[in-house]
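Q: Below are the structure tokens for one structure; questions will follow.
The values are calculated or read from the model by the stated rules, or taken from the named source; none is laboratory data. Computed from a predicted structure; not experimentally measured. As a convention, Cβ positions derive from the backbone with ideal geometry for all residues, glycine included, and neighbour counts pool all protein chains shown. Keep in mind that these areas ignore ligands, DNA and RNA; they rest on the heavy atoms of the full protein, side chains included. Shrake-Rupley method; radii C 1.70, N 1.55, O 1.52, S 1.80 Å.
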Amino acid sequence: MRVSAGSDHAGFELKGLLIEHLAFLGHEVVDLGTHSPEPVDYPDFGAAVGQSVTSGDTDLGVCVCGTGMGIAIAANKVHGVRAAAVHDVTSARLAREHNNANVICFGARLLGTEVATDALEMFLRSEFGGGRHLRRIEKIAALEKRQA
Ligand code: RB5
């Protein structure tokens, strides 16, 4: 799978560890920055990851900031992105099965490395459930069209 990754300064270190793990699992990773621990603004990186996914350049995205929330809010402004701030393996699985999330977001100040790594693995191997969940995803897409 081709996966894009982005973070702000707070997520820089965890992003690096997650990228290493993705490469170890055999995925192709596109690192969209940030590339140092110098302070930056998380919306820039959430948007970059979102755009890489919706353009089809990558299959899924991984975002990291301090809480996982700001970068998820930013990524979700890109139409077609369904970014989920995830806290554990269960929320990672349900984000794919119920929400067909295409971007996973972590809070580096909230999660340990192993929890984030396990959750990311679960996210990558889980699949959208379809059925009633598809109807709901379509309603989210319709909301975007109303605002276009
Ligand atoms: C940066 O200090 C912090 O605000 C950011 O990483 C994130 O937690 C925002 O949601």
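Q: How many angstrom lie between the Cα centre of region 5-21 and the Cα centre of region 59-91?
A: 13 Å
Q: Follow-up question, since we're still on this one. Rank Ile104, Ile137, Ile73 by mean-square fluctuation in a GNM of the chain with C-alpha springs under 10 angstrom and give only the top-ranked residue.
A: Ile137
Q: Still on this structure: Ordering Met122, Met69 from largest to smallest accessible area (1.4 angstrom probe), what's the sequence?
A: Reading off the accessible areas and sorting them downward yields Met69, Met122.
Q: Check the cysteines of the chain one by one and keep only those with no other cysteine Cβ under 4.7 Å from their own.
A: Flagged as lacking a Cys partner: Cys65.
Q: Hey, another quick one. With the Cα gyration tensor of region 8-127 giving a ≥ b ≥ c as the square roots of its eigenvalues, does the rule (a/c under 1.5 for rounded; else a/b larger than b/c for prolate; else oblate) give rounded, prolate or oblate?
A: Rounded, because the longest to shortest axis ratio a/c is under 1.5.
Q: Moving to a separate point now. What's the extension gain from His98 to Arg2 if we count 0.36 nm per residue and subtract their Cα-Cα distance?
A: Fully extending the segment from His98 to Arg2 adds 32.4 nm.
Q: Excluding Arg146 itself, what net charge comes from residues whose Cβ is under 15 Å from its Cβ, given Lys and Arg +1 and Asp and Glu -1?
A: +1
Q: Here is a follow-up. Take the solvent-accessible surface of the protein heavy atoms, probe 1.4 Å, and return the percent of it on region 1-131 that carbon and sulfur atoms account for.
A: Of all accessible area on region 1-131, carbon and sulfur atoms account for 51 percent.
Q: Over region 33-90, give the accessible area per residue in Å² for a 1.4 Å probe, as an integer.
A: 45 Å²
Q: Moving to a separate point now. What accessible area, in Å² to the nearest ten, does a 1.4 Å probe give for Phe123?
A: That residue has around 0 Å² of solvent-accessible surface.
Q: Over the chain, with a Gaussian network built from C-alpha contacts below 10 Å, which listed residue (Ala83, Ala23, Ala48) shows the highest mean-square fluctuation?
A: Ala23
Q: Separation between the His79 and Asp44 pseudo-spin-labels, each 7 Å from Cα along Cα→Cβ, expressed in nm?
A: Result for the modelled spin labels: 2.6 nm.
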